[in-house]
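The values are calculated or read from the model by the stated rules, or taken from the named source; none is laboratory data. As the structure is a computational prediction, the values presented were derived from the model and not from experiment. Glycine also receives a Cβ, built like all others from the backbone with ideal geometry; neighbour counts cover every protein chain displayed.
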């Protein structure tokens, strides 16, 4: 997946309402050919053979809203992919063909009763994506230490954060190690776990790091 697709995929993974994600969702060729013909535009073709090329939408997903499963499709492009200022006629033609392809996609999903939207890099925060990927990839607590260890560690971490300190996480982690015997790395792991569980929240447009202060985090009702 492209960088932008990866960012959007991360957002969908983070959204608890999303129940299914499928990348590069293949569209029926007969349907896209029919739509292209109705629009009077050229259907995408396979280079050299001139055969119709199967089309796909970057991301298809389903989510539950108010108890109802809803279907969504997203096409992903860089915002500057549409910029033709000062570009060659060949570039302008390429942008036109891309726009036509997107219109075929839009029509297809509209007919299918699926909410389609174009997403660009301007819609997605790179830092937020990095935070989501970090939290999701490091959420699994070492099972070798046992559930009892982690429950005590999480309770201690939460209590330290609730104490209202404005100290950096790194300082609090070291303090927990010195006073309670909880290794600093395990303290940070517990903070990440609490964030992934939505017990803690912080400004996701700022990189998660041990330099964040306890006051940068708030306890939520969701967890």
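Going by the conditions given, is residue 121 surrounded by 15 or more Cβ atoms within 10 Å (Cβ to Cβ) and in contact with a helix residue (DSSP H, G or I) (Cβ under 9 Å, 6 or more places away or on another chain)?
Working: surrounded by 15 or more Cβ atoms within 10 Å (Cβ to Cβ): yes; in contact with a helix residue (DSSP H, G or I) (Cβ under 9 Å, 6 or more places away or on another chain): yes.
Considered against the rule, which asks whether it is surrounded by 15 or more Cβ atoms within 10 Å (Cβ to Cβ) and in contact with a helix residue (DSSP H, G or I) (Cβ under 9 Å, 6 or more places away or on another chain), residue 121 comes out as yes.
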For this session: Would you check if there is a residue in segment 68-80 being touching a strand residue (DSSP E or B) at 6+ places or on another chain (Cβ under 7 Å) and over 30 Å from residue 14 (Cβ atoms)?
Result: no
Problem set entry | Checking residue 121 against (1) within 30 Å of residue 31 (Cβ to Cβ); (2) over 29 Å from the mean Cα position of the chain (by Cα), the condition it does not meet | (2)
Exercise. Given the conditions (1) loosely packed, with under 15 Cβ neighbours inside 10 Å; (2) touching a helix residue (DSSP H, G or I) at 6+ places or on another chain (Cβ under 8 Å); (3) not assigned by TED's automatic domain parsing to the domain that holds residue 39, and given that residue 143 satisfies all but one, which numbered condition is not satisfied?
Worked result: (2)
For this session: Among the candidates 97, 30, single out the residue that is at pLDDT below 95 and either in a loop (DSSP other than H, G, I, E, B) or farther than 24 Å from residue 6 by Cβ (or both).
Result: 97
Seminar exercise, completed: Scanning segment 187-223 residue by residue, the ones that are touching a residue at least 40 places away in the same chain (Cβ under 8 Å), in contact with a helix residue (DSSP H, G or I) (Cβ under 7 Å, 6 or more places away or on another chain) and assigned to a helix (DSSP H, G or I) total 7
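Only one of 109, 150 is out of contact with any helix residue (DSSP H, G or I) (no Cβ under 7 Å at 6 or more places or on another chain) and under 30 Å from residue 217 (Cβ atoms); which? It would help to see each step written out before you state the result.
Working: 109 fails: under 30 Å from residue 217 (Cβ atoms).
That would be 150, the only listed residue that is out of contact with any helix residue (DSSP H, G or I) (no Cβ under 7 Å at 6 or more places or on another chain) and under 30 Å from residue 217 (Cβ atoms).
Assigned to a helix (DSSP H, G or I), more than 22 Å from the chain's Cα centre (by Cα), in contact (Cβ under 8 Å) with a residue 40 or more places away in the chain and surrounded by fewer than 19 Cβ atoms within 10 Å (Cβ to Cβ), is that true of residue 159?
For residue 159, the condition - assigned to a helix (DSSP H, G or I), more than 22 Å from the chain's Cα centre (by Cα), in contact (Cβ under 8 Å) with a residue 40 or more places away in the chain and surrounded by fewer than 19 Cβ atoms within 10 Å (Cβ to Cβ) - is not met.
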Exercise. Does segment 81-97 contain any residue that is more than 23 Å from residue 32 (Cα to Cα), surrounded by 11 or more Cβ atoms within 10 Å (Cβ to Cβ) and in contact with a helix residue (DSSP H, G or I) (Cβ under 7 Å, 6 or more places away or on another chain)?
Worked result: yes
Problem set entry | Matching option when the condition is touching a strand residue (DSSP E or B) at 6+ places or on another chain (Cβ under 8 Å), under 28 Å from residue 76 (Cβ atoms), assigned by TED's automatic domain parsing to the domain that holds residue 63 and not in a helix (DSSP H, G or I), among 109, 116 | 116
Exercise. Got at least one residue in segment 186-196 being at pLDDT 95 or above and surrounded by fewer than 17 Cβ atoms within 10 Å (Cβ to Cβ)?
Worked result: no
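Sort through 138, 157 and tell me the only one that's at pLDDT below 95 and in the same structural domain as residue 215 (by TED's automatic domain parsing). Steps first, answer last, please.
Values: 157 fails: at pLDDT below 95.
Answer to the check: 138.
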For this session: Would you please list the contacts, defined by Cβ atoms under 7 Å and residues six or more apart or on different chains, that run from a residue in segment 133-149 that is in contact (Cβ under 8 Å) with a residue 40 or more places away in the chain to a residue that is part of a loop (DSSP other than H, G, I, E, B) and surrounded by 10 or more Cβ atoms within 10 Å (Cβ to Cβ)?
Result: 134/208
